[in-house]
Each structure stands twice: as structure tokens, then as C-alpha cells.
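Scroll down for the structure; my scribbles are underneath it.
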Amino acid sequence: MEDDDDEIEMNPSGNWSAMNSVFKYDGGNTLASRAMHGHVSKVMAGASVATSAVGQAHHLTMFGVAGAAALGAGTAGIGLAVAGGAMSVIGIGTSAVSLFKTAAHIDALEDLKARGSMKHHCNCKTRDFGNQMSDDHDAIFNTVLPYIIAKKKAKRNKKGVGTMGLSLGTSAHRLGKAIYKSVKGTKGKNRSFYAEVLARHAVTHECDLVAGIVSELYTGQDYLAIRSMRSDQAAVLIAAKMKSV
């Protein structure tokens, strides 16, 4: 499956935007630190293009490809070159760490897929929307899980490029793709819909499959917190972790 957001056919339907959870959670706000981390990540993402640009300019000067004019001459140019090199090293390091983590997530998600749909225990804990949710489990296994795996593989590929110091290219590609999808009106549609299906299943079912998926997107402890939320709240958190970035 390609890193795309074109519509994929699924069976689940119905209005579940504010389905209440049947679960309680008393383990504290385990998502608080992740929320803060998310805000920091957004700031860092905004700076990454500039950081990569400086790093790439540094590499250009190393090979003598018209970089001297961009970096300037004398002490200022040398200082910028050194800073660019340092930031490139940091970018490569963070890409390598993310690459390792993403590869581990992919392995775990593919293990869930390899077990087969019927090998995952699933028990509905509510009678609300029972008929509408009857197809959720198979749809999650056959469509949502492969979609998430494909997104994680796309992320792995991008981070692999980042480990070679070429993150500027992937950042530019990501920006261009986001603009294209926004104009086309497809940006995040599949991700939001699939997250809603996962969320309503999580808040109403004891399901090994969904527990495994959400625990890989976050942690096992966070899954317990997420499944105690309203489905619309849970869906926002789940969708945020289904991106290929």
C-alpha cells in the first residue's frame, strides 16, 4: 500500500462521534507528558526545514557547489558552516533513533497481522450500536491495520533518508504533498475515519487486536487511558499517531 490518503472501501458505518466508554481508568494522566512532547515536536518540525537547509548548505560548500556565496566569507561563514554541520549531525542522529523505533513498531504491527483476525480475542461490552459495530473487527484487521503499517513503512523510509543527511528533500516533499491534499480536499480523511473506527471499538470492546494497535501507537498504559475516553476524544489522539511523519 502506498503512502496515500485516497479513499479505501470499508463496511463500518453509523454515527459514533461521541460514543461513551464502558471502561474506567484510575491510572493517572499518562498522556500529559506526551501532549507536551507533541507541542515541542511541532515547534521542532517547523525548525527542521531551516536546520536541514543550513546543513545542506554546509554539505554543498564541502563539495564546492556554489555554497560559498550562500555561507558568506570569513569568520561568519566559517561559524555558519560549523553550525550547519553540527545541526546536520543532530538531524541524522534523531532520524536514526526514529528509524529504529519505527522499525520495531512495524515488526509488532505485522505480528498482529500474522496472527490472523480470528486469533484475536474480542468481546463487545455494550449493546449500543451493536449492529453497526458488527463489522468493525474484521474491517480493522483487513483495512485499518494494513493502512497503519503502510504509514509506518513510509515513515521508516523517510527516516532512512534522514540518516543520510537528506531530510531537506523529505521535508519539502511532505510540505508539497500536504498542500496538494489540502487543495484536493482529501487530507486526513482516511486517517480520521479509521481512527474513529478504532476509537469506538476501543471504548466498547475488550479486543486484543485494538489493544495491540493502540499500544504500539502509544503505550500499553496509554491505551488503558485512551479507551476510557469518549470515542471522539480517543479518535483525535489515535489519528495523531497514524501519520507517516
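Among all residue pairs at least 6 apart or on different chains, which show Cβ distances below 6 Å where the first residue, located in the range 121-149, is under 23 Å from residue 191 (Cβ atoms) and at pLDDT 95 or above and the second is of a type in the set (D, E, K, R) and open to solvent by 20 Å² or more (accessible area, probe 1.4 Å)?
145/113
Looking only at the range 105-117, filter to residues that are without any contact (Cβ under 8 Å) to a residue 40 or more places away in the chain and in contact with a helix residue (DSSP H, G or I) (Cβ under 9 Å, 6 or more places away or on another chain); which one of those is least open to solvent (accessible area, probe 1.4 Å)?
Checked the range 105-117; the qualifying residue least open to solvent (accessible area, probe 1.4 Å) is 116.
Evaluate the range 151-161: report whether one residue or more is open to solvent by less than 30 Å² (accessible area, probe 1.4 Å), modelled with pLDDT of 90 or more and closer than 20 Å to residue 237 by Cβ.
Yes - at least one qualifying residue is present in the range 151-161.
From the list 111, 128, 107, exactly one residue is in a loop (DSSP other than H, G, I, E, B) and either under 13 Å from the mean Cα position of the chain (by Cα) or more than 13 Å from residue 242 (Cα to Cα) (or both). Which is it?
Criteria check complete, one pass: 128.
The values are calculated or read from the model by the stated rules, or taken from the named source; none is laboratory data. Just so it is clear, the structure is predicted and the values come from calculations on it, not from any experiment. Every residue, glycine as well, gets a Cβ built from its backbone with ideal geometry; the counts of neighbours run over all protein chains shown. For accessibility, only protein heavy atoms count, side chains too; no ligands or nucleic acids. Shrake-Rupley method; radii C 1.70, N 1.55, O 1.52, S 1.80 Å.
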